[in-house]
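Working notes, beginning with the structure itself.
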Amino acid sequence: MSLSIDNLYGLEGVPKADIDQILDTAFSFREVLERPVKKVPTLKGTTVVNLFFEPSTRTKNSFALAEKRLSADTVNFSAASSSLKKGESLKDTIQNLFAMKMDVVVMRHPTPGSVKMLGDFVDAVIINAGDGTHEHPTQALLDMMSIKEKFGKLEDLNITIVGDIKHSRVALSNIYGLKTMGANVMLCAPPTFLPAEVDSLGVEVTYDINEALEFADAVNVLRIQNERQGKGLIPSLREYRQTFGITRDRLEKLKKPITIMHPGPMNRQVEIDSEIADGENAIILDQVLNGVAIRMAVLFLLSGN
């Protein structure tokens, strides 16, 4: 049981067979997470270093928990308290870490492509936990797992992604993964929130939130990423909510229920109303649990166990 890839830099170009295997393995690990004893010795003796150069709550804790559930040894690297603050280069910092014989590195970094560059420095399994506005593959995998859990399939489903797509690493990984798995994808956002290369992604685009919701079996709602964007891309948060927000009034006008997703953190009452995020059609907390299972599967499969 192995993947055709040696590292998980992103989902662009990852074959369907690999995604299927990751999802199937994650569903098996979901069963482990439901047991009274939620730990297996699968990665005993494997050392994983978590390199997070950006703030993270969900992803960092999810990887940490996945590593503990697999009995791996872990090293947590904090850029704020490292020799990087003394002027040491990223390359030297990482090579010094891996001189200590690390097996797997999970890395989040604000620069797109940084995880690929890491592969030139070290001989270890590399897993991208988010590189700037580029990709976030394990988030997309857990999103796909959650959709498959809900509908029993991914092929031929209509998935809408709404929000700040241009500045989101989640969106690009979801587009690559969902299209590989045979789903239909529609993007909905203001023109200033769409990437320049959107025409080359093979997806539908609309600026009408009502059309986007009518299309959708499930909608993945993205937050406005103020930390990565310039000023003046939208007139105001209030106007954004009026034009693109997922509100009760909009959903009540639909003739069908749709599944609500969000990668977090949420800006409640901006991109999504609280009663929708907490409602019966939301699978947001399922995404969180599935995130641990997906990261267990990725660590397990890429480690060659």
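Just so you know, all these numbers are worked out from the coordinates, no wet-lab data involved. Being a predicted model, the structure only gives us computed values, none of them experimental. Positions of Cβ are backbone-derived with ideal geometry, glycine not excepted, and every protein chain shown enters the neighbour counts.
Could you work out how far helix 137-151 tilts from the main Cα principal axis of the chain, as a 0 to 90 degree angle to the nearest 10?
With both axes taken from Cα atoms, the answer is about 50 degrees.
Reachable lysines from Lys39, Cα under 22 Å, same-chain residues fewer than 8 places away excluded?
Within reach: Lys60, Lys68.
If each residue of separation counts as 0.36 nm, what is the full-extension length gain between Glu88 and Lys38 once their alpha-carbon separation is subtracted?
14.0 nm
Please give the FRET efficiency for Lys256 paired with Asp120, using the beta carbon to beta carbon distance and R0 = 41 Å, rounded to the nearest 0.05.
Taking R0 as 41 Å, the efficiency between Lys256 and Asp120 is 0.25.
Can you give the longest stretch of the chain with no exposed loop site, where a site means trypsin sites (Lys or Arg not before Pro) in a DSSP loop (not H, G, I, E or B) with at most 12 other C-beta atoms within 10 Å? Spell out each step's value before the answer.
Numbers: sites that count: Lys39, Lys44, Lys101, Lys153, Lys231, Lys253, Lys255.
By the stated rule (loop sites, at most 12 other Cβ atoms within 10 Å), 154-230.
DSSP loop (so not H, G, I, E, B), at most 15 other Cβ within 10 Å: list which GluC sites (Glu not before Pro) in the range 151-254 pass both filters. Don't jump to the answer; show the numbers that get you there.
Details: sites: Glu155, Glu197, Glu204, Glu211, Glu214, Glu227, Glu239, Glu252; in loops: Glu155, Glu197, Glu227.
The qualifying sites are Glu155, Glu197, Glu227.
Considering only Cα-Cα distances, which of the following residue pairs are longer than 24 Å: Lys150/Lys179; Lys16/Lys153; Lys44/Lys179; Lys166/Lys256?
From Lys150/Lys179; Lys16/Lys153; Lys44/Lys179; Lys166/Lys256, over 24 Å: Lys44/Lys179; Lys166/Lys256.
Ile126's amide H: which non-local residues (gap 5+, or another chain) put their own amide H closer than 5 Å, with H modeled 1.01 Å from N in plane and none for Pro or chain starts?
Residues meeting the criterion, in which the H sits 1.01 Å from N, are Leu8, Val105.
If one takes the longest principal axis of the Cα atoms in the chain, at what angle in degrees, from 0 to 90 and to the nearest 10, does the Cα axis of helix 58-69 lie?
50 degrees
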